[in-house]
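So the structure is just underneath, and the comments pick up after that.
The values are calculated or read from the model by the stated rules, or taken from the named source; none is laboratory data. Because the structure is predicted, anything quoted here is derived from the model rather than measured. Here the Cβ is made from the backbone with ideal geometry for all residues, glycine too, and neighbour counts use every protein chain on show. The protein model used for the area step is the full one, side chains on, heavy atoms only, and it has no ligands, DNA or RNA in it. Shrake-Rupley method; radii C 1.70, N 1.55, O 1.52, S 1.80 Å.
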Amino acid sequence: MKIKVCGLKYADNIEAVSALGPDYMGFVCYGPSPRYAGELDAGTMNHVPRSIIKTAVFVNEDKETISALIEKYGFDAIQLHGNEDAEFCAYFKGQVKVIKAFGINEAFDFKVLDDFSDAVDLFLFDTKTNIHGGSGNSFDWNLLDKYQLDIPFFLSGGLSLENLEEVKKISHPQFYGVDLNSKFETAPGMKDIGKLGKAFEIIKQEPMNYGVNEQGYYGDFGGAYIPEMLYPNVEELRREYLSILDDEGFKTEFNELLKDYVGRPSPLYHAKRYSERYGANIFFKREDLNHTGSHKINNAIGQILLAKRLGKKRIIAETGAGQHGVATATVCALMGIECVVYMGEIDMARQAPNVSRMKMLGAKVMPAKSGSKTLKDATNEALRDWIANPVDTHYIIGSVVGPYPYPDMVARFQSIISLETKKQLKEHTGSELPDYVMACVGGGSNAMGMFYHFLDDENVKLVAVEAAGKGVDSGHSAATTFLGREGVLHGSRTILMQTDDGQVVEPYSISAGLDYPGIGPQHAYLYKIHRAEYASATDDEALQAGLLCCQLEGIIPAIETAHALAHLEKMKFKPTDNVVICISGRGDKDLDTYIKYFGF
Amino acid sequence: MNRLNELFAAKKDNLLSIYFTAGYPELGTTLDIAEALEKAGVDFLEIGFPYSDPVADGPVIQHSSEVALQNGMTLNLLFEQLADLRKRVSIPIMLMGYFNPVVQYGVERFCKKAAEVGVDGIIVPDLPIYEYETLYAGIFKNYNLSNIFMVTPQTSEERIRKIDALSNSFIYLLSSSSITGTALQLSVNIEDYYKRIKAMNLVNPAIIGFGITDQKSFNKACEYASGAIVGTKFVKLLAERDYLEKIPGFIKNIRA
């Protein structure tokens with residue numbers, strides 16, 4: 001964001017402001033203004049560093065005077081605040097930068113700007129007043145949405161230390177910079193260097209970066225802690241994934257399949273009875289309505305298209321609840337590619353219908369018999385398979401776990417969830433930003449997809465709900481952030497449940513999809529820096545919440561999802577709060593568990 | 001100079017190393033096994049510290065790790081057992097295991113303790129080059145420990161050169177891209193791979209591991225490298241009754 005400090009007139013003050021290093025400095029060349037700088041010595045201007053664009057501000061001045069002043073002071077830009085027309089502006093364009101100022105209010109017709117599109121370099125949008133120049137008040141910045149031209153603009157009018165954080169959130173693609181003036185003065189034309197210094201600090205402060213860096217890290221978490229035998233496979237992915245994901249052909253194929261095969265966009269449903277019960281506007285993001293019954297298909301489609309482009313002939317996957325296994329088997333059937341799914345022996349028993357579904361879809365289901373015989377062991381077996389088959393096989397990891405680039409790649413494929421949510425929420429509420437976004441977390445792929453496009457919107461509170469099993473302190477739990485410590489699991493540095501000796505602890509949850517001893521590295525990072533809140537729900541709380549959802553909304557949620565719903569009981573909302581919960585999957589696969597628990 | 005460097009300076013070929021998992025089949029026989037192996041003529045040893053999720057290992061070594069953990073083996077206990085290492089064993093010793101237990105123990109503390117008891121090298125298959133180089137190389141160097149890297153048939157020449165530059169004892173040449181315990185299939189491709197490595201004239205000697213089970217595969221490995229490592233086959237022997245007494249015969253069968 002560029003910074004322009006405007007309304008300078010005193011030599012010493014000019015020097016002090018120069019030292020702060022603004023991008024533009026503005027000098028008012030309009031007699032009636034209290035900040036009139038016409039008496040300035042040309043020498044003073046010569047001391048302004050050349051890196052700063054010296055801008056002369058005029059109101060309905062004639063061309064000759066403007067040209068003479070440009071000559072005298074060596075101005076690099078002119079800013080026109082009167083009724084100058086496009087032709088007038090064009091006269092100076094090319095000679096100096098031309099900034100045309102407009103006062104904005106509800107009634108402003110942005111179409112008048114069309115004429116200026118070839119005549120100016122920048123616009124400056126100020127608050128509409130009856131006098132020429134600043135009022136010290138800001139205008140409704142939502143009006144900027146109406147501005148559609150591709151000429152960048154400065155924002156002006158009432159900018160102060162109090163509203164700069166808000167200004168930083170303006171996401172208009174042509175938003176070029178801020179114009180600081182009257183709120184940073186001790187007297188007209190005398191800038192308050194202390195206040196300006198603070199403003200520069202606020203503006204130049206980089207927004208927190210929640211994404212992955214080039215080495216595959218989120219803060220201290222992530223990386224690719226893999227044996228050399230896996231290096232070529234992972235390195236090939238790392239090298240290729242971004243360019244493949246960026247490829248137009250890939251995007252088209254991915255989006256078409258999401259639309260026509262998966263049934264996206266998934267609805268954002270305003271759950272009225274839930275809203276009543278919890279005293280807020282509660283929305284369900286209906287990933288349960290996707291083909292195959294959960295969000296897992298988004299990633300599976302993305303990765304199968306990627307595998308095809310990498311020339312792979314065989315797919316392997318791990319699965320916990322069977323949702324990712326079914327999704328993978330489905331896309332393999334769709335593409336006619338061989339599919340092997342590893343699944344813990346215990347999970348195969350408790351998710352038997354999904355095992356049958358995978359087999360019907362033509363996949364081979366291999367039981368993982370080592371360790372706890374659940375998701376982590378299925379992941380180990382899949383990794384071993386990949387080591388033995390490095391050339392022709394692609395491993396479709398189902399969550400935001402594993403060595404880099406998997407956590408980032410899977411998050412990108414799942415980010416469609418929050419991308420759609422923003423748009424849909426705007427239709428429902430007028431704003432694309434909710435107050436809360438909630439999701440359950442095992443490895444964390446539906447949560448990451450649900451959080452993804454809200455990460456930089458710091459006002460959106462992110463809530464992730466882990467599986468507490470029989471209670472966080474019961475010894476039968478999968479609440480990783482409560483029970484885990486930093487370490488290395490399945491190729492990434494993250495938070496995992498482990499003994500003092502660094503042995504991975506066997507987790508427990510009634511929900512196979514959350515029964516995992518770690519969380520994705522990006523979640524570990526969001527947890528550590530407190531960008532997201534991590535809560536937990538027990539088996540009992542989840543099952544009760546699942547039943548409540550059936551009875552209040554007529555939706556049978558997956559037990560995984562029910563953990564997120566259960567946490568609503570512990571939340572305190574304001575009546576105006578907008579809350580989005582990711583309904584990550586449907587509960588058909590869990591009917592046995594529900595039926596046994598409730599004795600239907 | 002540590003014992004590994006001395007060994008490789010003195011002896012250039014037919015080197016034999018044996019891997020076994022500490023705490024398997026019994027908790028207290030770590031040094032007994034090491035001593036018996038030295039007496040049987042083995043040149044250097046890899047003592048494995050067990051991990052719950054050994055992704056690079058096949059069923060035999062996985063099982064040995066599981067049993068060792070059930071027996072109560074931990075890094076703390078292993079270092080206690082190794083306190084007498086240098087009273088009983090003089091050949092070079094490496095510790096081999098996965099990274100997470102080392103992270104929990106503390107990388108610096110682990111290296112310090114290893115150096116104290118007389119360990120010469122460390123093999124951590126899931127500690128990548130980038131992290132080793134940027135975070136840990138200095139610590140390993142301070143304690144005069146060699147870090148050993150692996151190379152597979154898929155490893156690029158550029159990466160092998162980098163590994164060679166980062167190594168100061170030997171390079172662990174995997175005979176195929178597979179988990180431990182997979183039979184060595186000496187296809188034309190593998191021979192080409194060995195020849196390719198040999199032709200690179202690396203600074204560090206290469207030792208071939210994974211898939212060495214008998215005299216024939218050992219001799220074949222020694223044609224292309226300075227020696228070989230036997231793991232799975234030896235761990236299988238440990239499952240037998242009176243395993244300590246069978247060690248001399250086992251070694252004789254590999255290196256007559």
P(r) weight above 23 Å for chain B, C-alpha pairs, percent: 47
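How do the peptides B:80-89, A:527-536 rank, highest first, by the average count of neighbouring beta carbon atoms within 10 Å per residue?
Result, highest mean first: A:527-536, B:80-89.
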Rounded to whole Hz, the Karplus (6.51, -1.76, 1.60) HN-Hα couplings of region A:591-599, x for glycine and proline: 3, 3, 5, 4, 4, 4, 5, 8, x
For region A:477-492, residues shielded by at least 40 square angstrom of accessible area compared with the chain on its own, probe 1.4 Å: A:Val488
Where region B:93-163 is the region considered: accessible area per residue in Å², 1.4 Å probe: 35
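How many percent of all Cα-Cα pairs in region A:211-299 sit more than 21 Å apart? Intermediate results must be reported in sequence, preceding the final value.
On the way: 2328 of 3916 pairs.
For region A:211-299, the share of Cα pairs beyond 21 Å comes to 59 percent.
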Compactness ratio of region A:2-204: Cα Rg over 2.2 N^0.38 Å, N = residue count? 0.95
On the principal axes of its Cα set, how long, how wide and how thick is region A:309-435? Give whole Å, largest value first. 51, 35, 27
Sorted by average packing, counted as other Cβ atoms within 10 angstrom per residue and highest first, what order do A:311-320, A:240-249, A:90-99 take? A:311-320, A:90-99, A:240-249
Given a 1.4 Å probe, the accessible area of region A:2-204 per residue, as a whole number of Å², is 46
Alpha carbon convex hull of region B:1-87, projected area averaged over orientations, nm²: 6.7
Counting Lys +1, Arg +1, Asp -1, Glu -1, what net charge surrounds A:Lys364 among other residues with beta carbon under 14 Å of its beta carbon? -1
Computed over all unlike Cα pairs, the Kirkwood hydrodynamic radius of region A:243-379 in Å stands at 16.2
Sorted largest first, the Cα spans of region A:455-600 on the principal axes come out in Å as 45, 38, 24
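Nearest 5 percent is fine: what portion of the DSSP beta bridges confined to the protein assembly as shown is antiparallel? Please report the intermediate quantities before stating the final value.
Working: 18 of 114 bridges.
Percent antiparallel among DSSP bridges in the protein assembly as shown is about 15.
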Taking only Cα atoms, what is the 0 to 90° angle, nearest 10, from helix A:63-73's long axis to the longest principal axis of chain A? 80
Counting only DSSP beta bridges with both partners in region A:2-204, the antiparallel fraction in percent, to the nearest 5, comes to 5
Return the value, in Å² to the nearest 100, of accessible area buried between chains B and A (probe 1.4 Å, both sides summed). 2800
Rank-order A:581-594, A:263-276, B:228-241 by packing density, defined as the average count of other C-beta atoms within 10 Å over each peptide's residues, highest first. A:581-594, B:228-241, A:263-276
Rank these by accessible area, largest first, 1.4 Å probe: A:His81, A:His324, A:His291, B:His63. B:His63, A:His291, A:His81, A:His324
Using a loss threshold of 50 Å², tell me which positions in region A:224-242 are less accessible in the complex than in their chain alone. Probe radius 1.4 Å, ligands and nucleic acids ignored. A:Tyr225, A:Pro227, A:Glu228, A:Met229
Could you state the angle between the C-alpha long axis of helix A:296-309 and the longest principal axis of the C-alpha atoms of chain A, as a value from 0 to 90 degrees rounded to the nearest 10? 80
Summed side-chain charge close to B:Gly41 - residues other than B:Gly41 whose Cβ falls under 9 Å, Lys, Arg +1, Asp, Glu -1: +1
Per-selection metrics, region A:297-358 (Cα): Rg and Dmax in Å: 11.5, 35
Could you work out what % of the accessible surface of chain B is carbon and sulfur, using a 1.4 angstrom probe and leaving DNA, RNA and ligands out of the count? 49
Could you list the square roots of 5 times each eigenvalue of the Cα gyration tensor of region A:92-187, that is, the equivalent ellipsoid semi-axes, sorted largest first and rounded to whole Å? 21, 16, 14
I'd like the mean, over residues of A:499-509, of how many other protein chain beta carbons sit within 10 Å of each residue's own Cβ. 5
With bins 5 Å wide starting at 0, give me the P(r) of region A:182-230 over every alpha carbon pair, in whole percents. 5, 17, 13, 11, 10, 8, 7, 7, 8, 6, 4, 3, 2, 1
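So what's region A:370-413 giving for Rg/Rh, alpha carbon basis, Kirkwood Rh from the mean inverse pair distance?
Answer for region A:370-413: 1.00.
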Among all cysteines in chain A, which have no other cysteine Cβ under 4.7 Å from their own Cβ? A:Cys6, A:Cys29, A:Cys89, A:Cys440, A:Cys549, A:Cys550, A:Cys582
Amide H to amide H under 5 Å from A:Tyr217: which residues, 5+ apart in sequence or cross-chain, H placed 1.01 Å off N in plane? A:Gly223
Magnitude of the Cβ-charge dipole (Lys and Arg +1, Asp and Glu -1) of chain A about the Cα centre, nearest 20 debye, reported as 1140
Based on Cα positions only, what radius of gyration and what Dmax would you give for the protein assembly as shown, in angstroms? 33.2, 107
